[in-house]
Amino acid sequence: MKNQTSSSSDATLSAYEVAVNKLGLKKNLANALNIPDRELTVEVPFRKDNGEIDSLIGYRVQHNNSRGPFKGGIRYHHHVDINEVRSLASLMTWKTSLLDIPYGGGKGGICFDPSNYSITEIERISRKFFRAIDPIIGSNKDIPAPDVNTNAQVMSWFMDEYSEINGYTPSIVTGKPLELGGSEGREAATGRGTAIITREAAKSWEIDLTKSKVIIQGFGNVGSYAAKFLNEYGCKIIGVSDINGAIFDNDGIDVESLLLHQEHHKTIKGFNSYELISNDELLTKKCDFLIPAALGSAINSGNVDKINCKIIVEAANGPVTGNAATSLWRRKIPIIPDILTNAGGVTVSYFEWVQNLQQFKWTESEVNIKLESKMVDAYKCVYDMKFEKNIPMRIAAFMVAIDRVSNAFKLRFG
Ligand code: NAD
């Protein structure tokens with residue numbers, strides 16, 4: 001996964017500034033809400049498999065906890081730095097607020113490329129990092145989760161490290177395996193949420209979903225589940241891509257078979273003897289919904305004029321740059337923003353935490369019903385705000401989110 005710093009931080013910052021102006025927030029309050037509550041930088045010394053001592057740098061940024069404990073993932077990537085983590089932490093504050101789940105925003109990471117390390121080294125690094133950030137972590141303080149290059153196994157090590165000292169505490173992290181208190185429905189949640197939001201947008205813009213054509217960039221966790229659920233809703237998936245290239249069929253791709261192919265081969269390449277086209281070409285094909293679900297800045301000033309869809313649904317974080325968004329607004333192509341579209345993951349993370357605190361397990365269908373309701377409510381708030389003020393969906397989403405955080409902040413501190 002490539003570095004997403006510039007696109008996501010630019011888009012977040014400019015949406016934040018426009019939204020606070022439209023809300024009429026006083027400058028001091030707007031500044032206070034933008035400044036992170038706490039930033040921790042830690043050294044992560046560890047022993048390599050060859051016996052040598054090495055050392056990495058890790059971060060945990062706690063942006064705002066006015067509405068609940070800090071919440072956000074921990075990523076392992078050689079591009080991780082304090083600016084990236086700070087920007088992503090603030091995005092989590094707005095995302096959790098928008099979904100109206102009782103959390104604030106946080107993010108963390110370690111600057112290294114895990115593909116250069118053995119699994120035993122990654123375990124030692126993970127445990128050392130979690131011990132280093134332990135003073136600011138807690139089930140009611142700050143609850144980490146997986147992010148780029150971290151997964152259920154890493155969460156298990158985090159939970160174990162914390163539980164060794166504090167007693168069995170599954171609620172300390174989310175995104176755990178089912179065996180350790182993970183939630184049913186978590187794996188599919190972000191793709192399912194993306195499909196739900198696409199379906200709601202189809203209603204608002206009066207597009208018949210069963211006659212609609214969809215293109216999805218990225219066929220990993222988010223893109224593949226989005227394709228599965230949109231296919232079940234009756235959409236025609238006409239194009240998908242991954243890092244190896246794209247396949248396109250204007251009559252619709254057989255999604256069920258493609259999912260099986262992906263499961264076996266871990267790529268869409270080689271599916272049903274489709275010729276691969278380039279990702280750049282796929283993005284410019286005519287469709288109703290274009291869903292970038294791979295990486296930041298996929299739609300930028302270089303390709304925005306060639307985009308030929310009715311609606312863009314941002315499943316990845318920051319896939320449309322600020323300049324491209326302005327140009328799409330002029331062309332009346334709506335963008336359904338990332339903080340709404342891909343919030344299904346953190347919403348089911350919240351459900352996992354609730355189940356852990358209650359020491360009670362919900363069925364998959366209970367989780368999915370609750371997710372549906374949260375996504376639809378959030379969509380409605382954003383669309384109503386957009387409609388009332390005639391503003392882009394991204395600005396509307398930030399206005400809804402910032403308004404809730406600022407009200408809580410004022411009640412607690414004002
Ligand atoms: P993933 O690693 O499972 O999948 C990424 C997919 O993108 C893969 O199919 C990969 O081949 C493809 N890809 C990479 N480079 C590409 C390129 N240049 N062109 C086309 N495809 C390319 O990741 P994911 O979990 O599906 O996440 C996708 C995006 O969604 C990321 O931006 C992530 O931050 C965001 N997101 C994910 C979640 C989640 O719960 N997984 C939650 C919120 C946001």
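The values are calculated or read from the model by the stated rules, or taken from the named source; none is laboratory data. Remember, predicted model here, so these are calculated numbers, not experimental data. Methodologically, a virtual Cβ is constructed for each residue, glycine included, from the backbone with ideal geometry; neighbour enumeration extends over all protein chains shown.
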Selection status of TYR162, within 14 Å of the ligand (Cβ to nearest atom) and either touching a residue at least 60 places away in the same chain (Cβ under 8 Å) or on the phi < 0 side of the Ramachandran plot (or both)
no
Checklist (1) on the phi < 0 side of the Ramachandran plot; (2) in contact (Cβ under 8 Å) with a residue 24 or more places away in the chain applied to GLY318, failing item:
(1)
For TYR168: the one exception among (1) farther than 20 Å from ASP338 by Cβ; (2) within 15 Å of the ligand (Cβ to nearest atom); (3) modelled with pLDDT of 95 or more:
(2)
Out of the residues in region 198-225 meeting the condition of being crowded, with 21+ Cβ neighbours inside 10 Å and hydroxyl-bearing (Ser, Thr, Tyr), tell me which one is nearest to ILE268 (Cα to Cα).
SER224
Kindly list the number of the only condition in (1) touching a Lys or Arg at 6+ places or on another chain (Cβ under 8 Å); (2) within 16 Å of the ligand (Cβ to nearest atom) that fails for ALA396.
(2)
Could you run through region 388-404 and say how many residues are without any contact (Cβ under 8 Å) to a residue 40 or more places away in the chain and either closer than 13 Å to ILE335 by Cα or not in a helix (DSSP H, G or I) (or both)?
2
Scan the helices (runs of 4 or more DSSP H) fully inside region 288-382 and keep the ones with 3 or more residues being away from the ligand (no atom under 14 Å from the Cβ).
322-330, 344-358
Is it the case that region 173-187 has a residue that's of a type outside the set (Ser, Thr, Tyr), within 25 Å of GLU39 (Cβ to Cβ) and within 12 Å of the ligand (Cβ to nearest atom)?
yes
Just the residues that are closer than 23 Å to ARG124 by Cα and among the basic types (Lys, Arg), please, taken from region 22-67.
ARG47, LYS48, ARG60
For region 60-78, does any single residue satisfy the condition of being more than 16 Å from THR96 (Cα to Cα), surrounded by fewer than 17 Cβ atoms within 10 Å (Cβ to Cβ) and either away from the ligand (no atom under 16 Å from the Cβ) or at pLDDT 95 or above (or both)?
yes
Is one or more of the residues making up region 236-253 under 19 Å from the mean Cα position of the chain (by Cα) and closer than 30 Å to LYS386 by Cα?
no
Matching option when the condition is within 19 Å of THR341 (Cα to Cα) and in contact with an Asp or Glu (Cβ under 8 Å, 6 or more places away or on another chain), among GLY193, GLY218
GLY218
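Matching residues to (1) touching a strand residue (DSSP E or B) at 6+ places or on another chain (Cβ under 8 Å); (2) away from the ligand (no atom under 12 Å from the Cβ); (3) polar (S, T, N, Q):
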| position | (1), (2), (3) |
| --- | --- |
| SER212 | yes, yes, yes |
| ILE216 | yes, no, no |
| GLY220 | yes, no, no |
| ALA227 | yes, no, no |
| GLU232 | no, yes, no |
| ASP249 | yes, yes, no |
| HIS261 | no, yes, no |
| LEU283 | yes, no, no |
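Yes or no, residue by residue, for (1) away from the ligand (no atom under 16 Å from the Cβ); (2) more than 16 Å from ILE312 (Cβ to Cβ); (3) surrounded by fewer than 16 Cβ atoms within 10 Å (Cβ to Cβ); (4) polar (S, T, N, Q):
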site: CYS235; (1), (2), (3), (4): yes, no, no, no
site: ASP242; (1), (2), (3), (4): no, yes, no, no
site: ALA246; (1), (2), (3), (4): no, yes, no, no
site: GLU275; (1), (2), (3), (4): yes, yes, yes, no
